[in-house]
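The values are calculated or read from the model by the stated rules, or taken from the named source; none is laboratory data. Quantities reported herein were computed from a predicted structural model and do not represent experimental measurements. Quick reminder, even Gly has a Cβ in these numbers, built from the backbone with ideal geometry, and neighbours come from all protein chains shown. SASA here: full protein model, heavy atoms, side chains in, ligands and nucleic acids out. Shrake-Rupley method; radii C 1.70, N 1.55, O 1.52, S 1.80 Å.
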Amino acid sequence: MAHHENLHAWTLTPEEAVALQRRLAPRVIRHGKPDAVTCIAGVDIGFEDGGETTRAAVVVLDWPSLMLRQSVVHREPTRMPYIPGLLSFREIPAALAAFARLESCPDLVMVDGQGIAHPRRLGVASHLGLWLDLPTIGVAKKVLCGRHGEVPATRGEWAPLTDRRRAEDPADIETDAEGRVVIGAMLRSRVNVKPVIVSPGHRLDQATALEWAIACLGKTKLPEPTRLADRLASWKG
């Protein structure tokens, strides 16, 4: 599948990358639902050779069976060192190359990482969504910004993740009673296991992102698309 457009070059200083995030964030569409879904992609990124090589894994699953249709692994030299808040610049180039090898275009993309639950509202799922022009969801393991209340222990329960309003937030974005912006949901994906953070990436609203994450849960902590991508990205064989 081809990329939707070339948004920018990847050879950037950290300062240039931060400025670019601020320019791109308003282009993220925070509403909508995917069209008729027949397949879902899962994306995760690993690193080899002490971080010198980026390993991008993309899996495509049929919906609703969640049976594996295709898997791709792409390796290339890592372009940027690890810098908190700028992981998309480190990870997306390899991910795009992996997507280019897919036999068909997925209807929905689930990414191991943040969507808008990011200090500048442009986590890897949102950034990748802009490049692909596809509905994307971020499913992350650690909170990058914001706060939340207690998450009920039952599988499928959740609590909103909120943050103070940032310059990148649109005027009509959903807020709570305190005026804080809703940027994600802390989802209890498995009993007695720490919640995962589900946030819309691009072309989806929060409720739809959460609905799809729950629908794709299997027997483990992660939804099946990112679970299988995570396993492929970290496989040492």
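Screening Arg69, Arg75, Arg55, Arg30 for residues that are basic (Lys, Arg) and outside any strand (DSSP E or B) leaves exactly one candidate, Arg30. Inside the stretch 188-213, can you point out the residues that are in contact with a strand residue (DSSP E or B) (Cβ under 7 Å, 6 or more places away or on another chain) and aliphatic (A, V, I, L, M)? Hits for the stretch 188-213 are Val196, Ile197, Val198, Leu204, Ala209, Leu210, Ala213. Could you grab me the full set of residues in the stretch 130-153 that are more than 23 Å from Asn192 (Cα to Cα) and surrounded by fewer than 18 Cβ atoms within 10 Å (Cβ to Cβ)? Of everything in the stretch 130-153, just one residue is more than 23 Å from Asn192 (Cα to Cα) and surrounded by fewer than 18 Cβ atoms within 10 Å (Cβ to Cβ), namely Asp133. There is at least one residue in the stretch 182-189 that is in a loop (DSSP other than H, G, I, E, B) and open to solvent by less than 80 Å² (accessible area, probe 1.4 Å).
Listed by first and then second residue, the pairs with beta-carbon distance under 8 Å, at least 6 apart or on different chains, first residue in the stretch 7-32 and under 19 Å from Arg165 (Cβ atoms) and open to solvent by less than 40 Å² (accessible area, probe 1.4 Å), second part of a helix (DSSP H, G or I) and among the small types (Gly, Ala, Ser), are Ala25/Ser126; Val28/Ser126; Val28/Gly129. Scanning the stretch 179-199 for residues that are of a type outside the set (A, V, I, L, M, F, W, C), closer than 30 Å to Leu20 by Cα and more than 17 Å from the chain's Cα centre (by Cα) yields Gly179, Arg180. Does the stretch 53-70 contain any residue that is more than 23 Å from Trp235 (Cβ to Cβ), among the polar types (S, T, N, Q) and open to solvent by less than 10 Å² (accessible area, probe 1.4 Å)? No, that holds for no residue. For Gly85, are the conditions met, namely being over 22 Å from Asp133 (Cβ atoms) and under 18 Å from the mean Cα position of the chain (by Cα)? Yes; evaluated as a whole, the condition is true for this residue. When we screen Gly179, Gly156, Gly115 for residues that are surrounded by 18 or more Cβ atoms within 10 Å (Cβ to Cβ) and either in a loop (DSSP other than H, G, I, E, B) or touching a residue at least 60 places away in the same chain (Cβ under 8 Å) (or both), the only hit is Gly115. Residue check: His127 meets all listed conditions (1) surrounded by 24 or more Cβ atoms within 10 Å (Cβ to Cβ); (2) assigned to a loop (DSSP other than H, G, I, E, B); (3) under 14 Å from the mean Cα position of the chain (by Cα) but one, namely (2). On inspection, Leu87 fails the criterion of being over 25 Å from Thr13 (Cβ atoms) and either open to solvent by 30 Å² or more (accessible area, probe 1.4 Å) or out of contact with any Leu (no Cβ under 6 Å at 6 or more places or on another chain) (or both).
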